[in-house]
Every structure is written in structure tokens, then in C-alpha cells.
1. Report, by chain and number, residues whose modeled amide H sits under 5 Å from the one on Gly319, excluding near sequence neighbours (fewer than 5 apart, same chain).
2. For segment 214-362, evaluate the Debye formula with one uniform point scatterer on each Cα (no solvent term) and list log10 I(q)/I(0) at q = 0.17, 0.22 Å⁻¹, rounded to two decimals.
3. Keeping every protein chain in place, order Met221, Met491 by accessible area at 1.4 Å, biggest value first, i.e. largest first.
4. Using only the Cα atoms of segment 147-259, build the gyration tensor, take square roots of its eigenvalues as a ≥ b ≥ c, and label the shape rounded, prolate or oblate: rounded if a/c is under 1.5, else prolate if a/b is larger than b/c, else oblate.
5. Modelled label-to-label distance, Leu62 and Glu405, 7 Å Cα→beta-carbon offset: nm?
6. Could you please state, rounded to a whole Å, how far the C-alpha centre of segment 332-350 is from the C-alpha centre of segment 228-294?
7. Any chance you could run the full-extension gain for Arg269 through Val301? It's 0.36 nm times the residue separation minus the Cα-Cα distance, nm to one decimal.
8. When the Cα atoms of segment 393-508 are enclosed in a convex hull and the volume is divided per residue, what value in Å³ results?
Amino acid sequence: MYVYATTSSGDRLAGQRTSTHSEGSIQSTLSETPSPTFSFTQISDESNLEILINSDLSERSLGPLPSVFDDRERMKDKVYLMLGYPSKIFYKSILALVKAHTKEGDLVVDPMCGSGSTAIACLLTRRKCLASDGSAAASFIAHNYIAPVDVPRAIATFEQLREKVEPTIDQLYSIPCRCEYDNERKCEEFGIISYVISSDVHSCKYCGSEMILAHAKRKAMSTYACPNCGRTTNLAGQNGTISLLERRRPTLVRYLCRECKCGTSIHKREMTASDRAFLDDSLRNFERRTDRLWYPETAIVYNRAYPRPGGWPGIGPNGKISDLFSRRNLLALAILFREIEAIHHEDIREFFKFCFIGSLIRSSRRVLSTSVFKEHYRVPPVGKEANAWHVFQRKFRYVLQTKQEIAERVGQINYGRHVRVLQRPAETMSLPDNSVDYVFLDPPYGGYIPFYELNLFYSAWLGEKEDFEHEIIIPMDYEKKPGYVAKWGGMMLGPLREIRRTLKPGRYVTLAFHSNFASMWNELRKLMVDELGFRFIRFIPVVRGTTFHMNREDDTIPTSAYITYQKPILVRKENMFRPSGEINDILQEILKRRPSGIPFREIQGDVIRIVHERGLRRIPSEAEIHRCLSQGRFVYDPERRVWKPELRRRCN
């Protein structure tokens, strides 16, 4: 039986800030909702995908959409914020697009689903969904984003988890209070650290004094004013390497001392040398008396999109996933993860692993004072290192309450009949021809975000590997390197062909796209219209996108937009053969009718006829036809001077 926790919105926000010692606020607000039929085995089953497909071939009229999408409200939406993911699309925008291009019961496919926003949108609109991604971390996150949770069992498991890990983890974050009270008497109790601010320390090249960057005023990127002499120093590159005295020295601490004699439990103060010595000693003692703990030491794959000499900032070229955490947090996370892995109930174990994964970035050294570097690896020179157990508790509460909101809106459904989430490359959808009602696609935009590299941060903890070989990625500065835009197009052609094959005639595909370069927009249009024969329908900018100037002052192209295309309708819809704007498919159709062989000029004439009959956007050139014949599934008979079909590699 699945039941869900509910609280008022104010209680939810308060719950994020309170300790789980007051768990009664969740227990007392339990309410029952209709029980869905769910298991992770169901939604990850690659067999029987036909259950998602309907036989409705009737046309879909276009529904209304805004002239501009405003995605700024996403930063206030609890479902969106449940777990961070690079370049995440707001599910409410996808929801609007799904409603405008489909009707209830239609099958929506997202072959590059990332964190699963399309699956959420489909569940909320009563559409069926097949979501997939080649990334192990992405498919895990998407699975768990849509999964309901048995709240009583989850709360009971959390209490068991807390009993096992909290006393041990608290030892890692224990610090002498030393608060002064009653005529300079000092508290002799110990507090539990909430967070520490750590800072790189440099030597000022002018006065020679220590320059703690947390105390120095930053004038510009990598430029700081020395607190002692006031002169500014640029610490970028070799300058910073030479002047660096210490990396990430703890300089400020916030902690909770429940038994403090001053009457105040929460304290924040500058850290002293004796504080740092105490923490170092306690960490060494903890490791001596603790069994060997597992944590990922997977090597960080260094930014193939935009490699820099020296590696990622603050990490170096030979960094490991473990280097992205302080030693204290790494051990705390290892203790917590060990106990989560020991949970017997599969769905509950997956839920807690999802909460754990969601807490990682806030427990890492990638955090500034409040913001986080999500779209690249970086350990900043000044950062906040939070108590990993506290971060996990807050994430647990947030996810638990947010899943209730989703469940209440979704209602009672059989998940296995409505949604599947698979880990697989986008070019292998395993669906029949002409079976999909709508496709939403958020493809990689070149080299802006190295998704698989960033997802390694999560998949390393999950014990999974990322398929870097098949990731669609090119260098970020591809505009300066001839041939890379076309290379991106070549990598995208396989997934787009699958969309063309599986989409029903007359149905729509929407792409979320972002680029500052006209060459990428032109490449996309060439792929969709010229290569694959889709018909352009509409282009809707996203308000968070910027524009850039083209040839004229008033000629601009939005860098972020949703672009919708339509697959052409066949002359005889019931024929349901596999139509395509691909020359290769047309050639196969022509030569299949006369397997004994056809002369080139006759083939060319048939191609021209078929292009006109089907309303495709252009007639391929003679060179293009000849290239596809030479590289495709055909063979030339020089004696008879004809081309014949033969199973060879597909034309790219």
C-alpha cells in the first residue's frame, strides 16, 4: 500500500530547515491516497513495449501555445528542484508542449530524457511515455523522479538508518564549543558542525603576508585585494600556483551545541589553529578505529568538450571523484551509503539511493557559499563544506514531500502500462515503425555541457559506468575548428533517423535547442528538413535565452527555443510502409521493386518522382544519390551497368 505525507507549504519549507529529531511533524500529517501499481522492474522492462502503443492514426490538430515560454518560475517549483541536473528542461514547459500536440493515451517518446522531465509531464497529462538515455546516472535519476514511495515504510527505514549512522557520523563533526559565558568562562561541551567555510591561502606578492581569500575582497575574476596592504593581485594561472600556501584551509565554522551554558545552541565563529588541530586529530583517530569504507575512486574524465591545461580548476588533471569531497564528508557519505545499500526492500532502497544522489553535490567541495557549479567540475578557492548527514536529512524530507505532490496529481495508475524508463542509446528505440504519437527531444548542443562526464559524479557512487564512446559531444570552441559542426550533425543523424522511423505520419517532434552560433542552427535545419524531410511547424523562444546579431542590426536569432517539426503524411496512410526523406530509404524502395538491377539514370528519375509525390523539401543531387548508392546497401554490376540491392553498411 502506497500512502503519502502531506503538509502545508509553510511546513514543507520549515521541514527543510529543522532537524530530523522532530520527525513527528511528518508522521502526524500522513494521509492516504489511491495506491498506484508500481515496481522498478515494471518501468525498466524492455519487453512488451507494445503495451504503450495505440493504433490511432487520426490527425492531431495543433493546440495553443504561448508566443514565448517563460521558464523563470522553475526556480520556485518543488518538482523541478527535487534534484539538480545540468541544463534541465522545466517539466511544465514540456507539459504544455505535450498537451498541444497529443491527446490522452498517446505515446510520447524522449530518447535523451536526462532527469526524466518528459516522463513527469506525461504522467501529469495522462499520456504514455517511453523515456530513455544512454547515461547510467540519467536513467537512474529518471527512474526515481517518477517513482512513488511507500511513505510509512520510508519513514520507518529512515529512523532505522538514523539509529545506525547518526552516532558514528556525529563523531566526525564534533568540535569543542569553547563559548564564553559568566565572566569569560568557556563551555566545555562539544557541538556538531553544520558547515565549515574553507579558503585557499596565498602569499601577497607585495607585503608577503598571508592572504586568506575568504577575508580578501574580490575585485574581479581571480583578482583579490590583500587585507593587509590593500594592493590587488591576479591569482589566475602561474601567479596563483606560485603564491599558493595552503588549499582550502577551514576558516569559519557554524555548529550546534545543545548543552551550551550560554543559553544559545547555534554558534558561528572563526576557526582557530587549535580547532583545526582538533579536527585533524579526530579524523585520524576515527580512521584508525573504523573498518575500511568504500567510496568511489573513479578517475574524473577530463573535459573533452573544452580541455584546459592543468585540469579542472582546484582539482588538477589527475583528479578522482573522491577528490570532490572533503575527507570528513567522504567518510560520512561512505558510512551512509553502506547502510543504504543494505536495505532489503528494492523500491525503498532505490528511493534512499535517489535521496543520497540528490544530496551529493551539496555535500561536496563544489559549493560556493550558496550556489553550486553544476555544469562543470570545479573546486572554488572559497567554499562551503556542509555536514553530509544534515544535507541528506534535508534532501530526504524534501523528496518525500515532493513525491506526495506528484502522486496526488497523478492519481491511481498502473505505472507499467503508462511509462517505461530505459538505459539505451538514442539511436536504438526498439519500437515498431510508425508507432509514436509525439517526440520531445533535448539534444546536446555541441560542447557546452559534457553530460556524461558530469554524470560520472553520480554513477561512480552507483557502481555504474558511463558510455563515453557514444556520447554526442564536440569541443566547445567548435566554431574555430573546421568540420566539427558537421561532425555533430553526423552524430545526431542516427537518433533523428530513429525518430523519423518510429513517428506516425502527420505527428510532431519538438526539439529544445540552444546555440550562440548560426552554424549549429543551420546544421539542425539541414538535418531535420533537408536530410530527413520533416516539415517545419513553429519556433517558440524561451525567455531565459539571449539573442545574438547576424548580418543586420535588427536580425537576431534566439539562442534558446522549442522548435516543432511534422513528419509528412503518406498518400495512403493505411499502407504504413516506412516513409523517409533519407535518400537511402528511397533507394531501397526503388531497388526492392527490381532486384535484378536498375541503371543509374532510371534510379535518379524515380528519386525525383518520389520526392515530388511525397512533398519532400528538396531533390537530392546526383552526387548525393551516387554517394548513397556507393556507401549504402547496394552493389554495382559493371557488366550490366546496373545497381542492385545488397546488405551492406548503412549510408551515413
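The values are calculated or read from the model by the stated rules, or taken from the named source; none is laboratory data. What you are looking at is a predicted structure, and each value in this text was computed from that prediction instead of being measured. Here Cβ is always computed from backbone atoms with ideal geometry, including for glycine, and neighbour counts include all displayed protein chains. Ligands, DNA and RNA are stripped out before the accessible areas are found, and what is left, the full protein with its side chains, is counted by its heavy atoms. Shrake-Rupley method; radii C 1.70, N 1.55, O 1.52, S 1.80 Å.
1. Amide H neighbours of Gly319, under 5 Å, 5+ apart: Ile300.
2. Here the Debye-derived log intensity ratios amount to -1.30, -1.38.
3. Met221, Met491
4. On the way: a/c = 3.57, a/b = 1.74, b/c = 2.06.
Cα axes put segment 147-259 in the oblate bin.
5. If labels sit at Leu62 and Glu405, their model points lie 3.2 nm apart.
6. The distance from the Cα centre of segment 332-350 to that of segment 228-294 comes to 29 Å.
7. Computed gain between Arg269 and Val301 is 7.7 nm.
8. Details: hull volume 20.4 nm³, N = 116.
Considering the Cα atoms of segment 393-508, their hull volume per residue is 176 Å³.
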